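K.L.:
My questions all concern the structure below.
Quick note: the coordinates plus some simple rules give every number you see, no bench work behind them. Quick caveat: nothing in here was measured; it's all calculated off a predicted structure. Every residue, glycine among them, receives a Cβ derived from its backbone with ideal geometry; neighbour counts consider all protein chains shown.
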Ligand code: ADP
Ligand code: MG
């Protein structure tokens, strides 16, 4: 890493960067406490200074996010004082992911394997002259920013029941853009569930594997802003031909097109042209397309040409897998009980899950404490408001009865009707599996039965699961529901 950096960077730019950064550090040291300075600022490595832009490398995405959230003002004010008010800082996030062949325009990226982040955001570059679209084979990419974040890859995307179809469709599209019947591919779902990640993974994968040359990612808001600007500058035909030259057009959060009729109209024509040329269109939305209000029917009917798939909130297993993967990426080994504690309590979305992990690492680092369940609980309280109480036998009974559609009181009664006995046994089994209650306590909750009844129920559920797949699927389904409640 170090030696390749030397090869690419002009030494005088590097020296300048070091000198400037050292002056910045002197100021920053005065504004933040010693521990924070050591944790967050000492590991930053100045790379080069070019035309008022200082590029520094940070060790991980976690670092970058943390700096951006907590030290944005301190850093920017310092840069302005040391370098002047038009100067700004650019971060290079060191990443160990395989490098993706991103389109950086004419000059190479400053160092290999970096994710370029910039304050302030780079101006849009659709006004660059568009290149003719690729017609098979790999041609020189044109000069424009793809706006893809290299962190969003399929490799980093954890599979689970909640995203299985969407992920499979995305992968099919990435391997054969425009060549499947999934055109457009529309992915919808609630916030923080991985839509942006997945649709960008398509672009990153297709570029890295030579399946497409021209890929652009754009939010519907930015598309709208650019369109309005193009009208004002009288450059709508350049705007149109730029987007229509793409092999893959990825538009995020199309719900924000609602009510913007002229933009929709323009998008409609872009859509048609790309579709006719066999180019791939990928869209995301926060709800199923047919529930999108304020969208032209012509557009809505186009969306039905391809495949629409949702992403659901992740189940417990997926949440655990995500936490393990993310902590591994940050080079931190999380004790299993800590992972389970977070996964149990942070249930609604993956962004919150990540937020929790980041706060936990930061808190441990800043306060010099070990990562433990106690620390995790403190962080969770802040992120999600409260730590869920442990799962109770009553909740299990209610969930089981709800699943089998039987009255709850019968599960505690003496009745020997087969369907009730069945539900009662499943509830006992899950109570033993998912709570710390003793057999005696469990028995008492089921109409005062004794512990041998509970053992018998447990055994018989296990036996039936072994021989009857449907039965086993039912039990798993209930277990998942309980886990989705976030109690387990
Ligand atoms: P959305 O666009 O649906 O609001 P994002 O794609 O921005 O959600 O996801 C929020 C965060 O969660 C991102 O940092 C993303 O990388 C992460 N994430 C979402 N789904 C997964 C997944 N299945 N595996 C790993 N990370 C995920
Ligand atoms: Mg998103």
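K.L.:
Determine, for each peptide in 364-372, 45-53, the mean count of other beta carbons within 10 angstrom over its residues, then list the peptides with the highest first.
P.N.:
Numbers: 364-372: 14.0, 45-53: 18.0.
With the highest mean Cβ count within 10 Å placed first, the list reads 45-53, 364-372.
K.L.:
Which FRET efficiency, nearest 0.05, do residue 232 and residue 262 yield, Cβ-Cβ r, R0 22 Å?
P.N.:
Once rounded, the FRET efficiency stands at 0.95.
K.L.:
So, one more: Distance from a point 7 Å along Cα→Cβ of residue 209 to each backbone N in segment 259-301: keep the residues under 18 Å and list them by number.
P.N.:
Answer for segment 259-301: 279-282.
K.L.:
Still on this structure, I have one more. Go ahead and run the numbers for FRET between residue 29 and residue 154, Cβ-Cβ distance against an R0 of 45 Å, rounding to 0.05. Please report the intermediate quantities before stating the final value.
P.N.:
Numbers: r = 42 Å, r/R0 = 0.93.
Calculated value: 0.60.
K.L.:
Which percent, to the nearest 5, of DSSP beta bridges fully inside the chain are antiparallel?
P.N.:
Numbers: 10 of 33 bridges.
Beta bridges within the chain, antiparallel portion: roughly 30 percent.
K.L.:
With 10 angstrom as the radius, rank 233, 167, 480, 244 by how many other C-beta atoms surround their C-beta, starting from the fewest.
P.N.:
233, 480, 244, 167
K.L.:
For the residue pair residue 276 and residue 304, what label-to-label distance in nm results when each label sits 7 Å from Cα along the Cα-to-beta-carbon direction?
P.N.:
2.3 nm
K.L.:
Can I ask one more? Based on the inverse mean of 1/r over its pairs of different Cα atoms, what is the Kirkwood hydrodynamic radius of segment 224-269, in Å?
P.N.:
Numbers: mean 1/r = 0.0892 Å⁻¹.
With all distinct Cα pairs of segment 224-269 included, I get 11.2 Å.
K.L.:
Just to be sure I understand the curve: with the Debye formula and one point per C-alpha of segment 316-384, what is log10 I(q)/I(0) at q = 0.19, 0.23, 0.26 Å⁻¹?
P.N.:
-0.62, -0.95, -1.25
K.L.:
Take the eigenvalues of the Cα gyration tensor for segment 4-93, scale each by 5, and report the square roots as semi-axes in whole Å, largest first.
P.N.:
Values: eigenvalues 79, 48, 28 Å².
The equivalent ellipsoid of segment 4-93 has semi-axes of 20, 15, 12 Å.
K.L.:
Arrange the peptides 216-222, 324-330 so that the one whose residues have, on average, the most other Cβ atoms within 10 Å appears first.
P.N.:
Working: 216-222: 19.3, 324-330: 16.4.
Descending packing order for the listed peptides: 216-222, 324-330.
K.L.:
Now for a different question. What is the antiparallel percent of DSSP beta bridges lying wholly in segment 4-93, to the nearest 5?
P.N.:
Values: 5 of 11 bridges.
Looking only at bridges with both residues in segment 4-93, the antiparallel portion is about 45 percent.
K.L.:
For a bin width of 10 Å, list the pair-distance distribution of the chain built from all Cα-Cα distances, rounded to whole %.
P.N.:
In order of increasing distance, the bins hold 4, 16, 22, 23, 18, 10, 6, 2, 0 percent.
K.L.:
From a point 7 Å beyond the Cα of residue 191 in the direction of its Cβ, which residues of segment 220-255 have a backbone N at a distance under 11 Å?
P.N.:
none
K.L.:
Let me ask another. If the chain between residue 317 and residue 419 were fully stretched, how many nm would it gain, using 0.36 nm times the residue separation less the Cα-Cα distance? All intermediate terms of the calculation are to be shown ahead of the outcome.
P.N.:
Details: separation 102, 0.36 × 102 = 36.72 nm, distance 2.93 nm.
Additional length available on full extension: 33.8 nm.
K.L.:
Quote to one decimal, in nm, the extra length available between residue 337 and residue 51 on full extension: 0.36 nm per residue of separation minus the C-alpha distance between them.
P.N.:
On the way: separation 286, 0.36 × 286 = 102.96 nm, distance 4.94 nm.
Difference between extended and current length: 98.0 nm.
K.L.:
Please quote Rg/Rh for segment 154-310 to two decimal places, taking the Kirkwood radius as Rh and restricting both calculations to Cα atoms. Please report the intermediate quantities before stating the final value.
P.N.:
Details: Rg = 14.7 Å, Rh = 15.5 Å.
Here the Rg-to-Rh quotient is 0.95.
K.L.:
Going by average Cβ neighbours within 10 Å, how do the peptides 347-356, 17-26, 462-471 rank, with the highest at the top?
P.N.:
So the peptides 347-356, 17-26, 462-471, ranked by packing, come out 347-356, 17-26, 462-471.
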